1. Would you check which residues across segment A:165-177 are touching a residue at least 40 places away in the same chain (Cβ under 8 Å) and over 16 Å from residue A:89 (Cα atoms) and list them?
2. Anything in segment B:34-68 that is away from every other protein chain (no Cβ under 14 Å), more than 15 Å from the chain's Cα centre (by Cα) and not in a strand (DSSP E or B)? List them, or say none.
3. What about residue A:272, is it within 14 Å of chain B (Cβ to nearest Cβ) and surrounded by 17 or more Cβ atoms within 10 Å (Cβ to Cβ)?
4. Just a yes or no: is a residue in segment B:33-53 within 30 Å of residue A:371 (Cα to Cα) and of a type in the set (Phe, Trp, Tyr)?
5. So residue A:247 clears everything in (1) at pLDDT below 95; (2) crowded, with 24+ Cβ neighbours inside 10 Å; (3) within 13 Å of the chain's Cα centre (by Cα) except one condition, right? Which one?
6. Just to be sure before I move on: is residue A:302 more than 14 Å from chain B (Cβ to nearest Cβ), surrounded by fewer than 17 Cβ atoms within 10 Å (Cβ to Cβ) and either at positive phi or touching a residue at least 40 places away in the same chain (Cβ under 8 Å) (or both) in the structure I sent?
7. It is to be established whether one or more residues within segment A:381-391 are closer than 29 Å to residue A:222 by Cβ and touching a Ser or Thr at 6+ places or on another chain (Cβ under 7 Å).
8. Let me confirm something: among B:167, B:184, B:134, which residue is in contact with a Gly (Cβ under 9 Å, 6 or more places away or on another chain) and charged (D, E, K, R)?
Amino acid sequence: MAEATQTAQHGNKAHSHGGYASAAEVPLQTRSERVRSTNVADFAPIAPREEQWRYLSASKLNGLDADSLEEFSGDIATKHPENVVTAWVGPEHAAFGAAGMPEDRTSAAAWGSAAAAYLVTIPSDAEADCEVQLTFTSHDLTPSAAHIIIEAKPHSKAIVIIDHKGDATLAENVEILVGDEANLTVVSIQDWNAGSVHTSAQFAKLGRNAKLKHLNISLGGDVVRVSPSASFAAPGGDVELLGVYFADSDQHLENRLFVDHSEPNCKSRVTYKGALQGDGAHTVWVGDVLIRAAAEGTDTYELNRNLLLNDGCRADSVPNLEIETGQIQGAGHASASGRFDDEQLFYLQARGITESDARRLVVRGFLNEVIQQIGIPEIEDRLNQAIDLELARSAS
Amino acid sequence: MTILQIKNLHVTVDTEQGTKEILKGVDLTIRSGETHAIMGPNGSGKSTLAYTIAGHPKYTVTEGEILLDGEDVLAMSVDERARAGLFLAMQYPVEIPGVSVSNFLRTAKTALSGEAPALRGWIKDLRSAMEDLKMDSGFTERNVNEGFSGGEKKRHEILQLELLKPKIAVLDETDSGLDVDALKIVSEGVNRAKGNTDLGVLLITHYTRILKYIKPDFVHVFVAGKVAEQGGPELAERLEAEGYDRYLKA
């Protein structure tokens, strides 16, 4: 899959990237000009001067910065209804690379290192009760690579839950293809044991009037960096990118989002909320939204809020909105990181609730604002339980 | 019979201009079943008294004591005071995003009684208290105080008063921002709580109008951080006619 970088699309004027040396010296002016390639050699080495690696040093990646990685040797357990088909496919398959291309070094390394991708095909007749579960379990810290493709055929409806558990050093690419008029929910849960490092690039491409709800939950793992991106192949797409994260002491949880509005009349909503507790807890949220000239009628809003429960935590929050047309419905963003509000604590304690229970209630409530939007009670319950466990873990 | 005793209470608060003494020796005794109105002009320290009783960390007690049935209230944490039977209906209730009223009330009731209330009886009590306060049944699904109107916030405070059944309640300007209809509904709630549980009430207010609906047994005029005058209900009538000017000039 080593091939020339490919960025000229959707009427953008063609241009080339002359390798990483120049890219490193001249800051990129527009999000559309970022290097996209399946070839790891096209990317600059991981260093703090690279915008994408400002907050995360190569030394924390436990070897995921290497040019080539082992294939993921852990288990991928799958549960799905009969009409859903799973298969291992190679780069010759039409779905392989159809949703997006790597935009950073670990994603490119993973692309070249995973010889086959695990393809989940959701047929057109799948109804709302179609639930697919992919559970990654590993007990091996060898730097490794995995590639998943979820293809929701036109008119299908489904929920796909990707669970990551155990111990791993994993670079992952997840491609999400949402066919015309399809309605897909993807939940990605990162709940690794301490000592794990995980980078995951999740590319979604939406067809005509397609709807995607993507929920990204990062709880466990020393370093977890998820980069969800959404692009549109036709007008009328609707994407909702929701995220919840909870960082403990010395955990680094990073989320880098990109919504590429290249088609008219599409809608995007990004809502990410995170809590931080303990010394050295660090979260990063970068939300890029690009509205290209052709994307008239775009309606977009992105929001990130962080709750810092004590001193010694750090939350970086960087929204970037680039607009190339004035003919849009709306575009906005909001970002705020604040300390725990002692007035909330006082109000709850004044009703007899102990300080630790009051904290739990406030944190859970803060994150619940996102969880309430999932719309699937059993998943909401499951996530609430996971967050409660996280809170209990932090408290002890 | 419960007694709340406030003796020679001095309270300071840290401001940008340095430490400022707000309460300068307050003496008050409230017993079960009694209603005490604390009236006074803005800035006289009425709310400071309310928050100090509840234990807000912003206020520092430099002298004096607060005793609830002989127990040292000042040694208790905020939640311990509530569990001992004190309640503060707040003037500016705080929003708790993502926490539903129903979850909040059940959590508070559980904390106060030491065990989760039996579901059936609890829902019945909740519904009937809400009906009495003319609150819509969908109210419990909303997040605590989020997007509530001024009137809804005050009804929600009184709903808690009725459900949590404290021994002594401090009502901090519960009448502010209420129209006459809402004022009546909220006052009826306080009177029901008094009737049902022999509640002692410390009613803090700037205006006399709430005293038409909640009859005080005692009226204390608060000026410059201490009680300037006290008497029976007739004192409120005099304030209605004369205002606070008499005390401020003195």
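1. Of all residues in segment A:165-177, those touching a residue at least 40 places away in the same chain (Cβ under 8 Å) come to A:166, A:168-173, A:175-177.
Those that are touching a residue at least 40 places away in the same chain (Cβ under 8 Å) and over 16 Å from residue A:89 (Cα atoms): A:166, A:168, A:169, A:170, A:171.
2. Passing the criteria: B:40, B:41, B:42, B:43, B:44.
3. No.
4. No, segment B:33-53 contains no residue that is within 30 Å of residue A:371 (Cα to Cα) and of a type in the set (Phe, Trp, Tyr).
5. (3)
6. Here the answer is no, as residue A:302 does not meet what is asked.
7. First, the residues of segment A:381-391 that are closer than 29 Å to residue A:222 by Cβ: A:381-391.
Next cut, touching a Ser or Thr at 6+ places or on another chain (Cβ under 7 Å) only: none.
Within segment A:381-391, none of the residues are closer than 29 Å to residue A:222 by Cβ and touching a Ser or Thr at 6+ places or on another chain (Cβ under 7 Å).
8. Values: B:184 fails: in contact with a Gly (Cβ under 9 Å, 6 or more places away or on another chain); B:134 fails: in contact with a Gly (Cβ under 9 Å, 6 or more places away or on another chain).
Only one candidate passes the filter, namely B:167.
The values are calculated or read from the model by the stated rules, or taken from the named source; none is laboratory data. Since this is a predicted model, take the numbers as computed values, not measurements. Ideal geometry is used to build each Cβ from the backbone, glycine not excepted, and the neighbour counts take in all protein chains shown.
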